[in-house]
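Worksheet: the structure to be examined is printed underneath.
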Amino acid sequence: MPPRRCRAIVQTGPRKLELRELPVPDIDADSGLLRVEACGICGSDAEQYAGVLPIRFPVVPGHEPVGLIEAVGERAAKRWGVQVGDRVAVEVMIPCGHCIACRSGRYPQCRGRGGGLFGHGYVPLERPPGLWGAYAEYMYLDPGSIVHKVRKDLPASTVALFNPLGAGFRWAVEIPRTAPGDTVLVLGPGQRGLASVIAARAAGADTIIITGTTRDAAKLALARELGADHTIDVGQEDVRKRVRELTNGRGAEVVVEVAAAATAPVAEALHLAAPGGRVVLAGVKGFKPVPDFLSDLIVVKELSVTGAFGVTSPSYRAAIRLIEAGRVPVARMHTHDFPLEDAERAIRTLAGEEPGASSIHSCLLPGG
Ligand SMILES: [Zn+2]
Ligand SMILES: [Zn+2]
């Protein structure tokens, strides 16, 4: 039996987190309750914390949950194929299942549940039953939640990598249709960039190149371990020249832009892509304009430029299978674990605001 109340982090405003006791919800035949083992922390958590995302407060953050099924309704158990005690990874989006976006398989764009983004970690506390996010010991599983059963013999923090890795599969493989023979260039060596390297390698890409700054030296070294053939330090080297050398003058068939905040890589991606290449833009820039963006390069090189925001089930599934298979040392990306009450330090560490701490992938472990 779950307890009546549990500990949860509540965000009440920009840069305001409180540890509170909240009631653990009852469930019905179509819903469930997750005992949260780990919640991955991603770049958007830092933006949510800073208050730049359009999210209503108060809210329980946390959209990258892994946990155990604590309770599950009869119909939900059938639909999800799970029973009490199973470990699941939960997708962030809670799609309505009926709108045109959902029915076209683009459910990250679903707005059918009303308001803005309807997903774990984003639905406000005032909407019953309140425990929508995974910065908590327990999280409500809505009838529309999407869960993936995962092996139980791996560390929860390793399983939590299904989120960045899922993004890698969708942004670096599924959207640009990466195939053997392609050169894939990844701009930015954060967790999504490293995940893009892993996914491109798994998809059989030929040459994989990743860029970063001098400060990113350790991440670039890790990228090599995870499958990158070449790394480029943008502070020390002429990126266009190096990419030309490495691709026999062509440029990269696939360019994945996942740099945080910096706009220059967006403009640069068009120069680095091969004629007919596919450019995927997935790094958000705080709605800043991009200087020196030459749209003519898209025209004369006939580039396909696609935005990528969310992740869908096929890519999550590919990520989970890759983690379970254990051939790639994905856990090397995991750098920090924090107890629930240290949520603020966890976010600040990921955002690079904690002096001396360098993080790639971090988790909150609400179960202690
Ligand atoms: Zn995330
Ligand atoms: Zn929908």
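Here are the numbers for this structure:
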item: The stretch 272-367 shape via C-alpha gyration tensor axes, a/c threshold 1.5; result: oblate
item: Phi-based couplings in Hz for the stretch 331-346 (Karplus 6.51, -1.76, 1.60; Gly and Pro marked x); result: 4, 4, 6, 7, 10, 9, 10, 9, x, 3, 5, 9, 3, 5, 5, 4
item: Most mobile listed residue (ALA50, ALA318, ALA260) in the chain, GNM with C-alpha springs under 10 Å; result: ALA50
item: Rg(Cα)/(2.2 N^0.38 Å) for the stretch 122-179, N = residue count; result: 1.47
item: Kirkwood-type radius of the stretch 24-162, with distances r between different C-alpha atoms, in Å; result: 15.1 Å
item: Alpha-carbon Rg with Dmax, taken over the stretch 1-96, Å; result: 14.6, 40
item: Under 12 Å, Cβ to Cβ, from GLU245 - net charge with Lys/Arg +1 and Asp/Glu -1; result: +3
item: The stretch 7-96: relative contact order as a whole-number percent, Cα under 8 Å and 6+ apart; result: 32 percent
item: More than 15 Å apart - percent of Cα-Cα pairs taken over the stretch 219-262; result: 55 percent
item: Per-pair calculated FRET efficiency, R0 = 25 Å: SER295 and ALA261 via Cβ, rounded to 0.05; result: 0.70
item: Summed side-chain charge close to GLU257 - residues other than GLU257 whose Cβ falls under 13 Å, Lys, Arg +1, Asp, Glu -1; result: +2
item: Qualifying chymotrypsin sites (Phe, Trp or Tyr not before Pro) in the stretch 214-322, DSSP loop, other Cβ atoms within 10 Å at most 16; result: PHE287, PHE293, PHE309
item: Gain in span if fully extended, GLU225 to SER313, counting 0.36 nm per residue against the direct Cα distance; result: 29.0 nm
item: Tensor-based shape of the stretch 260-320 (alpha-carbon gyration tensor, a/c under 1.5 rounded, otherwise prolate or oblate); result: oblate
item: Simple label model, 7 Å out from Cα along Cβ direction - ARG4 to LEU19, nm; result: 2.2 nm
item: FRET efficiency, 1/(1 + (r/R0)^6) with R0 22 Å, evaluated for THR213 and ASP238 via beta carbons; result: 0.90
item: Loop sites in the stretch 262-329: trypsin sites (Lys or Arg not before Pro), DSSP, at most 10 other Cβ within 10 Å; result: ARG327
item: All-pairs Cα distance distribution in the chain, expressed in whole percent, bin size 20 Å; result: 30, 57, 13, 0
item: Karplus-derived 3J(HN,Hα), 6.51/-1.76/1.60, for each residue of the stretch 33-50, Hz, glycine and proline x; result: 10, 9, 8, 6, 8, 8, 10, x, 10, 10, x, 5, 5, 5, 5, 4, 4, 6
item: Out-of-range pairs (alpha-carbon distance over 30 Å; input LYS149/LYS288; LYS152/LYS219; LYS219/LYS241; LYS16/LYS78; LYS78/LYS285; LYS152/LYS285); result: LYS149/LYS288; LYS16/LYS78; LYS78/LYS285; LYS152/LYS285
item: Residues GLU70, GLU47, GLU137 arranged by fewest to most Cβ contacts within 10 Å; result: GLU47, GLU70, GLU137
item: C-alpha center-to-center spacing [the stretch 262-332, the stretch 193-225] in angstrom; result: 13 Å
item: Distant alpha-carbon pairs in the stretch 194-301 (separation over 16 angstrom), percent; result: 60 percent
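FYI, it's all coordinate maths here, none of it is from the lab. These numbers were taken from a predicted model, which means no experiment stands behind them. As a convention, Cβ positions derive from the backbone with ideal geometry for all residues, glycine included, and neighbour counts pool all protein chains shown.
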